[in-house]
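Asker: Below is a structure I'd like to ask you about.
Since every read-out is calculated from the coordinates, none of them should be taken as a lab result. These numbers come from a predicted model, not from an experiment. As a convention, Cβ positions derive from the backbone with ideal geometry for all residues, glycine included, and neighbour counts pool all protein chains shown.
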Amino acid sequence: MIGVILFEVTSRYVLNTPTVWAYDVSYMLNGTVIMLAGALAMKGNQHVVIDIVSQLFRQRTKTIIEVTVFSLLLLPALGFITTIAWEQSWRAFQNGIVEHVSPWRPVLWPFRLMIAIGLSVLWLQILARTLVAALGLIRTRKSSESGV
């Protein structure tokens, strides 16, 4: 993305020949990076958390809240959005939908495909985190019940 912007700036201000494609390529690359970075941040537990209230709870209570919120709210909502993203991507591919605002008029299916992939990977990462947390809760409960 930086290369595209540098090329555009050089082309526009040094060579006096602006491109028609640089803006479209830069927002598509930026959107792709943001979509894919969401899952990576979730994997590394790097999302922003507001822990003013949650710091008052024990770790087990925090995990129960996380599992509950992820499984009842986040996974269904993100699953719904992801399904729509896949449908939009497929529709753009089938119909050859192009960006109408841009004079370059690029096809949109590659960008929409990357959004769908990014959302899918994020959904899978949240599912994995939820399952790991839920299994951890089950294991600690079984070990406390057995007296180990």
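Asker: Loop-only chymotrypsin sites (Phe, Trp or Tyr not before Pro) in the range 1-97, please: DSSP not H, G, I, E or B, and at most 13 other Cβ atoms within 10 Å.
Answerer: PHE57
Asker: Taking only the alpha-carbon positions of the range 2-146 and ignoring solvent, what does the Debye formula give for the base-10 log of I(q)/I(0) at q = 0.20, 0.21 Å⁻¹?
Answerer: Ignoring solvent entirely, the Cα scatterers give -1.18, -1.24.
Asker: A further question on this structure: For the charge dipole of the range 2-146, defined by +1 on Lys and Arg C-beta atoms and -1 on Asp and Glu C-beta atoms about the Cα centroid, which residue among ALA77, SER54, ILE117 has the Cα displaced farthest towards the positive pole?
Answerer: The one lying farthest along the dipole's positive direction is SER54.
Asker: Provide the net charge surrounding THR61, with neighbours chosen by a C-beta distance below 15 Å and charges set as Lys +1, Arg +1, Asp -1, Glu -1.
Answerer: +2
Asker: Now for a different question. Which whole-number percent is the relative contact order of the chain (Cα, under 8 Å, 6+ apart)?
Answerer: 30
Asker: Which of the listed residues, PRO106, THR130, SER144, is farthest toward the dipole's positive end in the chain, when Lys, Arg count +1 and Asp, Glu count -1 at the beta-carbon?
Answerer: Towards the positive end, the residue furthest out is SER144.
Asker: Treating the Cα atoms of the range 65-112 as identical point scatterers in vacuum, please give the log10 of the normalised Debye intensity I(q)/I(0) at q = 0.15, 0.23, 0.25, 0.28 Å⁻¹, two decimals.
Answerer: -0.53, -0.76, -0.83, -0.93
Asker: Using helices alone, I'd like the mean residue ellipticity at 222 nm for the chain: each DSSP H run of four-plus residues gives -39500 (n - 2.57), total over residue count, nearest 500.
Answerer: Value at 222 nm, helices only: -23500 deg cm²/dmol.
Asker: Tell me the relative contact order for the range 1-74 as a rounded percent, counting alpha carbon contacts under 8 Å between residues six or more apart.
Answerer: Taking the mean separation of contacting Cα pairs over the length of the range 1-74, I get 20 percent.
Asker: Suppose every K and R has +1 on its Cβ and every D and E has -1 on its Cβ; what is the size of the dipole of the chain about the Cα centre, in Debye to the nearest 20?
Answerer: Here the size comes out at about 560 debye.
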